[in-house]
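Chemist: Sharing a structure below in structure tokens format, with a few things to ask.
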Amino acid sequence: MAYLLRFLLIVMIIGIALTAGVALGWFDVMNYGHIQLAIPTFIFVIFIQAFVMFYFIGVARLVENVWNALNSQGNLTELFDNPPLDLEPYKKKVARFVHETTLSKRQTIPWTILMLVLGTIAFLLGGAHDTGLVTKVIHSGVAYGFFAAMAIGFVRQWHYLGKSHNLLGELKALFGISRDAM
């Protein structure tokens, strides 16, 4: 899943770069203006950012569920066929996983939300500029803020997608589950 999300993030960056390049007049794409490119591109940005955000929320929730199962003696059969007597090594590793997934959420979701907010405002201000309600400087300024938030968010998401992917592999290995299993 992390590889799919990374691919979609690259497609998002390419779409935004294409839209910005057309808006700045660097190149022409089959006589499409940046407005015609911005609509599907921003819909895709909304899709991929929601997908990434829910991935991090889901990974954190899974690890919390494992943590809760380890700490409630009644649910150990969900994790083990034959529960061991000493759960401390498992609890110690899962506690580290809980911390890492919480950190991943805290480091990525605010940038995701900022991207969505600034992108939405830039999109709406683009329409307002097209109708003459705001100047180009206002629309461009918010769009540049969106580009900055997207660049920082992309780097963080890329990094933490890799960490979360590895963490899921370690979690599965800890409980003897195949890395390919859901």
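Chemist: Scan the range 45-67 and give yes if some residue there is small (Gly, Ala, Ser), part of a loop (DSSP other than H, G, I, E, B) and exposed (fewer than 13 other Cβ atoms within 10 Å of the Cβ), otherwise no.
Modeler: no
Chemist: Select from the range 94-123 the residues that are open to solvent by 30 Å² or more (accessible area, probe 1.4 Å), of a type in the set (A, V, I, L, M, F, W, C) and over 21 Å from Met53 (Cβ atoms) and list them in ascending order.
Modeler: Ala95
Chemist: Go through (1) touching a helix residue (DSSP H, G or I) at 6+ places or on another chain (Cβ under 9 Å); (2) over 25 Å from Phe51 (Cα atoms); (3) assigned to a helix (DSSP H, G or I); (4) open to solvent by 50 Å² or more (accessible area, probe 1.4 Å) and name the single condition His139 misses.
Modeler: (4)
Chemist: Go through (1) open to solvent by 30 Å² or more (accessible area, probe 1.4 Å); (2) over 13 Å from the mean Cα position of the chain (by Cα) for Arg156 and report which single condition fails.
Modeler: The failed condition is (2).
Chemist: Does Asp28 fit the bill of being surrounded by fewer than 14 Cβ atoms within 10 Å (Cβ to Cβ), touching a helix residue (DSSP H, G or I) at 6+ places or on another chain (Cβ under 8 Å) and of a type in the set (Asp, Glu)?
Modeler: It is true that Asp28 is surrounded by fewer than 14 Cβ atoms within 10 Å (Cβ to Cβ), touching a helix residue (DSSP H, G or I) at 6+ places or on another chain (Cβ under 8 Å) and of a type in the set (Asp, Glu).
Chemist: So His129 clears everything in (1) assigned to a helix (DSSP H, G or I); (2) at pLDDT 90 or above except one condition, right? Which one?
Modeler: Status for His129: all satisfied but (2).
Chemist: Name, by its number, the condition in (1) at pLDDT below 95; (2) open to solvent by 50 Å² or more (accessible area, probe 1.4 Å); (3) assigned to a helix (DSSP H, G or I); (4) among the β-branched types (Val, Ile, Thr) that does not hold for Ile177.
Modeler: Ile177 satisfies every listed condition except (3).
The values are calculated or read from the model by the stated rules, or taken from the named source; none is laboratory data. All values reported here derive from a predicted model rather than from experimental measurement. As a convention, Cβ positions derive from the backbone with ideal geometry for all residues, glycine included, and neighbour counts pool all protein chains shown. Just so you know, the surface numbers come from the protein's heavy atoms only, side chains and all, with ligands and any DNA or RNA stripped out. Shrake-Rupley method; radii C 1.70, N 1.55, O 1.52, S 1.80 Å.
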